[in-house]
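> Take a look at this one; I'll ask things after.
Where a number appears in this text, it was derived from the coordinates with a stated rule and is not lab data. In this text, all values refer to a predicted model and were calculated from it rather than measured experimentally. Here Cβ is always computed from backbone atoms with ideal geometry, including for glycine, and neighbour counts include all displayed protein chains.
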Amino acid sequence: MARMLLGDGELQRFAQDGFLTLRGVVPLELVRAARRSVNASLGSAGMRNDSPDRTSSGNTRVRGDFDALGQTPVITDLLATVQPQLEGALGSPIQPVQSGQIRLCWPAADVDKTIVDIDMGVANGEIPYNGWNGHTDGFWNAVYGQNSPSARAREAPAPGDGIHDFSCLVAIPLSDQRQRDIGNLALLRGGHSMVAAGFRSQRDRGGPLGPGGPGWDRFNPNGGLELYHPAVRNLAAEEDGANPATVGEDCERLWPVPTQLLMAEGDAVLVHWATPHAAVRNLGPDVRYMCIFRVRRKDHVPGMQENLCDELAQWDGVRAAISGRTIDGVARL
Ligand SMILES: O=C(O)CCC(=O)C(=O)O
Ligand SMILES: [Fe+2]
């Protein structure tokens, strides 16, 4: 029988890193059925080429017509394989998840390096660590994938509005990703707690929280989006001892070192919603396949200050493990 609960050590690691890789939890038949349906869709419905630009993930310009497929059981059943572990960590049921997002990362072409990265507003080739430009999901990004003057003119929400935080991003690889630099999902280790500290600093300065609030401009000097507090980026880079990298004419900055995940078919990763993440450029010969779910705890309401400012506010099971009140994931009464 599949293992249903995470151990204390795993929960503690999640608290520290902001992510946890689970090995061999997704039956291979499900992984392969999902990849088959993705390929079948590509073979029949083909590609959608509606976004002239891409992010540093290199995976947004050319994508399939997957919106309907993402809502079918061949995709949504993947999440059920990690639901008990996730609910244990949250200490709560989750809201029903309607769809998974299929993310393909195509082998990078030379031209990709010249394409302007939406998040950073600079050429992809200028971005260090194989094009890793971490972001957090859940913020306004209407310019995403459409770097055109009309899209840019679209109005951003008022500071403090339009924050769609959630609880956990679950990524399930649908192809082997055990080598580096083949479009791997890469994460800023411990970034979730730094992001929460960034929100607390905004709160302490009177708010509002998020882009446009204190210390966090929505756009950087190159016109790209700041999708997490810039102080987090600098702090993380300083902790790593990373060299500052100049990115764009006006945009010299420290650049944090990402952790590339090495995952096999059958693995899954739980990523705290606030952990900065992105795929790296795919230098390998094959397409990288990933399925991503964004999951909310049953009682989650987006934009709540207490969740933004306390990274473990929603994670009752994790908090119990930290305080030693569980034995292998089972709470002591
Ligand atoms: O493709 C990936 O690995 C990451 C994609 C991503 O950041 C997202 O879908 O939010
Ligand atoms: Fe993302």
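> Subtract the Cα-Cα distance of residue 25 and residue 71 from 0.36 nm times their separation in residues, and report this length gain in nm to one decimal. Before the final figure, lay out the partial values.
Values: separation 46, 0.36 × 46 = 16.56 nm, distance 2.12 nm.
Length gained, residue 25 through residue 71: 14.4 nm.
> How high is the FRET efficiency from residue 323 to residue 203, r the C-beta distance, R0 25 Å, rounded to 0.05?
On the way: r = 24 Å, r/R0 = 0.98.
Efficiency for this residue pair is about 0.55.
> What length, rounded to one decimal in nm, is gained on full extension from residue 39 through to residue 164, with 0.36 nm per residue of separation minus their alpha-carbon distance?
On the way: separation 125, 0.36 × 125 = 45.00 nm, distance 3.08 nm.
In short, 41.9 nm is gained.
> When 66, 219, 139 are ordered from fewest to most other Cβ atoms inside 10 Å of their Cβ, what list results?
On the way: 66 22, 219 15, 139 19.
Least to most surrounded, the residues fall as 219, 139, 66.
> Fewest first, what order do 29, 311 take by the number of other Cβ atoms within 10 Å? Numbers along the way, then the final one.
Numbers: 29 8, 311 24.
Least to most surrounded, the residues fall as 29, 311.
> Can you run phi through the Karplus equation (6.51, -1.76, 1.60; θ = phi - 60°) for the range 266-281 and list ³J(HN,Hα) in whole Hz, with x for Gly and Pro?
Calculated HN-Hα couplings, in order: x, 8, 8, 10, 9, 10, 3, 4, 8, 7, x, 8, 5, 7, 8, 4 Hz.
> Also, quick follow-up: Extension gain residue 123-residue 16, at 0.36 nm per residue separation less the Cα-Cα distance, in nm? Can you show the working numbers first?
Numbers: separation 107, 0.36 × 107 = 38.52 nm, distance 3.30 nm.
Taking residue 123 through residue 16 to full extension adds about 35.2 nm, to one decimal.
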